[in-house]
1. Using the crude model of +1 on Lys and Arg Cβ and -1 on Asp and Glu Cβ, and no other charge, please compute the dipole size for region 171-231 relative to its Cα centre, in debye to 20.
2. Listed here are the pairs LYS171/LYS192; LYS192/LYS221; LYS128/LYS207; LYS128/LYS221; LYS75/LYS221; which of them are more than 19 Å apart at the Cα?
3. Please give the length that would be gained between PHE70 and ASP94 if that part of the chain were fully extended, namely 0.36 nm times their separation in residues minus their C-alpha to C-alpha distance (nm, one decimal).
4. If you add up the charges near THR222, with Lys and Arg at +1 and Asp and Glu at -1, over every other residue whose beta carbon is less than 10 angstrom from its beta carbon, what do you get?
5. Mind ordering 215-221, 115-121 by average Cβ neighbours within 10 Å, highest first?
6. So, counting K/R as plus one and D/E as minus one, what does the shell of residues with Cβ under 11 Å around ASP107 add up to?
7. Say each of VAL29 and THR222 gets a label point 7 Å from the Cα, pointing the same way as Cα to Cβ; how far apart are those two points in nm?
8. Sort 179-191, 99-111 for me by packing, meaning the mean count of neighbouring Cβ atoms within 10 Å per residue, highest on top.
Amino acid sequence: MDRLREFLDENRSRIIVILIAIGLIIGGVFWYGYQQTNLTSGSEIKLTKTKSSTKVASTAAKSNSQAKAFYVDIKGAVEKPGVYRTTTQQRVNDIVLAAGGFLTNADQNQVNLSLKLYDQQIIYIPFKGEIQDQSLPTTIEQTPTEAATASSSAVTVSSAESSDSTTTTAKFDLNTATKEQLMQINGIGEKKAELIINFRQEHGQFKQLDELKDISGIGDKTFEVLKENLTLGQG
């Protein structure tokens, strides 16, 4: 016992240092374990949030995919006529905007921009002074039944147009039609359109459609084709 006491007295400083070192080591071990526990918990929370966010994104994507996509054909007085891809959530106004908007001589009063769209639809925007052909849908309000009938009509018109891309089913007033409107008629190019307008300026309004035959380059056969797309009014 005396020897132990002497040993402790002689090595007291060393023993204190050793005890402190042991305490620090034990404290470090506990601290490391505590930090690892918090890190694991935080990872689990982050993973849970990620899964939740993925689920929400997946639901949104699924909802968007349910909007049926199809194609419509817009013609007439717009900047960029053509076929456009659309969905059931869009309306005529969206397609007019996609086509670059109205031309300055478009008759917007004949167009119902709020109409819903359907597959293979033809949207015809008339020009000012043009008598709208009722076989061209989407410019007047329709019931669902009329819209379905118009869709079938649009397919027929599209088939006819594929054989002659310059043919138009609209009728134009010979006394008020612009150069651009006349050029939409099958058989009238830029030169003939200018001749018609010059004739109208020099001789006044047409009294009869067959006065067209007084213009150079328009004979009996050409006149028979042209008169199908022309009407005579008083400007």
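Throughout, read-outs are computed from the coordinates displayed, never taken from laboratory work. In this text the structure is predicted, and so the values were computed from the model without any measurement. FYI the Cβ positions are ideal-geometry reconstructions off the backbone, even for glycines, and counts take in every protein chain you see.
1. Details: 9 positive and 11 negative charges, 9 e Å.
Rounded to the nearest 20 debye, it is 40 debye.
2. On the way: LYS171/LYS192 17 Å; LYS192/LYS221 15 Å; LYS128/LYS207 21 Å; LYS128/LYS221 28 Å; LYS75/LYS221 28 Å.
LYS128/LYS207; LYS128/LYS221; LYS75/LYS221, as the Cα separations exceed 19 Å there.
3. Working: separation 24, 0.36 × 24 = 8.64 nm, distance 1.39 nm.
That works out to 7.3 nm of additional length.
4. Details: positive: LYS192, LYS213, LYS221, LYS227; negative: ASP220, GLU224.
Around THR222, the surrounding residues sum to +2.
5. Numbers: 215-221: 12.0, 115-121: 17.9.
Highest-to-lowest ranking by the protection proxy: 115-121, 215-221.
6. Details: positive: LYS128; negative: GLU130.
Value of the local net charge: 0.
7. Between VAL29 and THR222, the simple spin-label model gives 10.7 nm.
8. Details: 179-191: 17.1, 99-111: 15.0.
Per-residue Cβ counts within 10 Å, averaged per peptide and sorted highest first, yield 179-191, 99-111.
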